[in-house]
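What follows is a set of notes on a single structure, which appears directly below.
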Amino acid sequence: MMLIPAHHFRDIERKPEYLQPEKCVPPPHPSPVGTMWFIRDGCGIACAVVTWFLVLYAEFVVLFVMLIPSRDYVYSIINGIMFNLLAFLALASHCRAMLTDPGAVPKGNATKEFIESLQLKPGQVVYKCPKCCSIKPDRAHHCSVCKRCIRKMDHHCPWVNNCVGENNQKYFVLFTMYIALISLHALIMVGFHFLHCFEEDWTKCSSFSPPTTVILLILLCFEGLLFLIFTSVMFGTQVHSICTDETGIERLKRKHQPRERTGSWKSVKETFDGDFSLNWFNPFSGLRHPKPLSDGDWVRQVASLSDTENTETTEEQSEQRKDEDSVEVIDE
């Protein structure tokens with residue numbers, strides 16, 4: 001993973017006028033339910049295409065180099081069904097992670113009318129993102145690639161061309177899990193196939209020439225080992241984040257900010273949408289439609305009177321505050 005520190009500026013004020021709402025355009029009309037989410041980022045699109053290409057390459061080698069030429073039909077059928085099922089679930093999880101709104105905050109809602117409608121009381125503050133002119137709810141962070149504030153943003157992953165956030169973390173976890181499984185399965189089959197070819201005539205263990213067969217198997221072995229390590233680490237990191245109810249960005253904060261955390265099991269159930277069932281492993285089981293944020297979700301309580309006084313500063317002092325909990329993380 002590559003950490004890119006981003007010293008963003010944040011306006012933290014209790015009084016609406018300090019947020020410069022006149023500079024914010026009214027938010028656009030909400031998109032219809034079911035509208036596809038897609039980030040137009042060249043690097044992310046290229047990484048997503050490479051991901052699909054590598055999975056399809058593994059499909060080609062497994063089917064046409066190892067399974068179809070095999071004379072053990074039971075072995076070929078069982079492993080063919082297992083590998084293709086896992087590959088299908090991996091690609092389906094990738095699509096859901098890429099095309100699901102990760103939890104974007106409505107853009108441009110830091111208007112004077114909206115702030116006044118919150119009816120802020122003494123000791124309450126609202127956080128504005130000056131980049132997308134949005135009021136940031138708790139645990140939301142701005143992504144410079146998506147150009148939006150994302151609720152419970154863990155990191156931006158170019159391999160799925162999207163942020164990993166509140167609404168699509170389940171699909172990202174499934175994607176890393178299924179990629180790790182097909183990588184492990186491919187490595188095991190490559191090992192057995194090499195043993196079989198050493199015992200038998202190389203011209204009979206594959207429909208390709210021996211040099212071509214060796215090159216294809218070595219490339220698949222290298223790909224499988226690389227992605228097994230990478231996705232296993234990402235899978236473990238994501239599971240740890242879910243169980244501890246702490247995103248990757250929150251772990252990387254330089255200044256510790258205590259907060260109330262959800263229990264491990266409750267956090268897991270919220271991420272995977274309910275009690276344990278087979279739907280946890282199903283990328284087609286959509287999360288329940290997230291409820292809209294209430295007025296209370298936009299407002300935060302100041303910890304002490306001194307904090308309240310510190311928020312009542314001039315516009316220039318506000319703009320000089322560094323956003324210490326906005327850190328961009330890109331995994332490579």
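The values are calculated or read from the model by the stated rules, or taken from the named source; none is laboratory data. Note that the structure is predicted; figures quoted are calculated from it, not measured. Heads up, the Cβs are rebuilt from the backbone with ideal geometry, glycines too, and the neighbour counts pull from every protein chain shown. Surface accessibility is based on the protein's heavy atoms, side chains included, excluding ligands, DNA and RNA. Shrake-Rupley method; radii C 1.70, N 1.55, O 1.52, S 1.80 Å.
List of remarks:
- One residue from K121, K107 being part of a loop (DSSP other than H, G, I, E, B), of a type in the set (K, R) and in contact (Cβ under 8 Å) with a residue 24 or more places away in the chain: K107
- K147 being over 18 Å from the mean Cα position of the chain (by Cα) and closer than 27 Å to W37 by Cα: no
Quick grid of which residues meet (1) aromatic (F, W, Y); (2) within 30 Å of M234 (Cα to Cα); (3) out of contact with any strand residue (DSSP E or B) (no Cβ under 6 Å at 6 or more places or on another chain):
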residue	(1), (2), (3)
N84	no, yes, yes
P102	no, yes, no
G108	no, no, yes
T111	no, no, yes
H142	no, yes, no
F172	yes, yes, no
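- Selection from region 206-226 of residues that are among the aliphatic types (A, V, I, L, M) and buried (at least 19 other Cβ atoms within 10 Å of the Cβ): L216, L217, L220
- Considering G286, G224, G274, the condition of being under 16 Å from the mean Cα position of the chain (by Cα) and either at pLDDT 90 or above or part of a loop (DSSP other than H, G, I, E, B) (or both) is satisfied by G286 alone.
- Residues that are under 18 Å from D201 (Cβ atoms) and not small (G, A, S) within region 61-78 comprise V65, M66, I68, P69, R71, D72, listed in sequence order.
- Scanning region 227-261 for residues that are modelled with pLDDT under 95, open to solvent by 70 Å² or more (accessible area, probe 1.4 Å) and assigned to a helix (DSSP H, G or I) yields H240, R251.
- Long-range neighbours under 9 Å by Cβ, at least six apart or interchain, first residue touching a residue at least 60 places away in the same chain (Cβ under 8 Å) and at positive phi within region 40-69, second of a type outside the set (K, R) and not in a helix (DSSP H, G or I): none
- Exactly one residue out of D331, D307 is charged (D, E, K, R), modelled with pLDDT under 60 and under 26 Å from L184 (Cα atoms): that is D331.
- If you go through region 70-94 and keep only what is touching a residue at least 12 places away in the same chain (Cβ under 8 Å) and farther than 18 Å from L187 by Cα, you end up with L89, L91, A92, S93, H94.
- In region 187-214, the residues that are closer than 15 Å to L67 by Cβ form Cβ pairs under 8 Å with partners that are among the aromatic types (F, W, Y) and surrounded by 17 or more Cβ atoms within 10 Å (Cβ to Cβ), at six or more places apart or across chains, as follows: M189/F83.
- Residues that are under 24 Å from the mean Cα position of the chain (by Cα), modelled with pLDDT under 90 and under 27 Å from M153 (Cα atoms) are absent from region 94-102 altogether.
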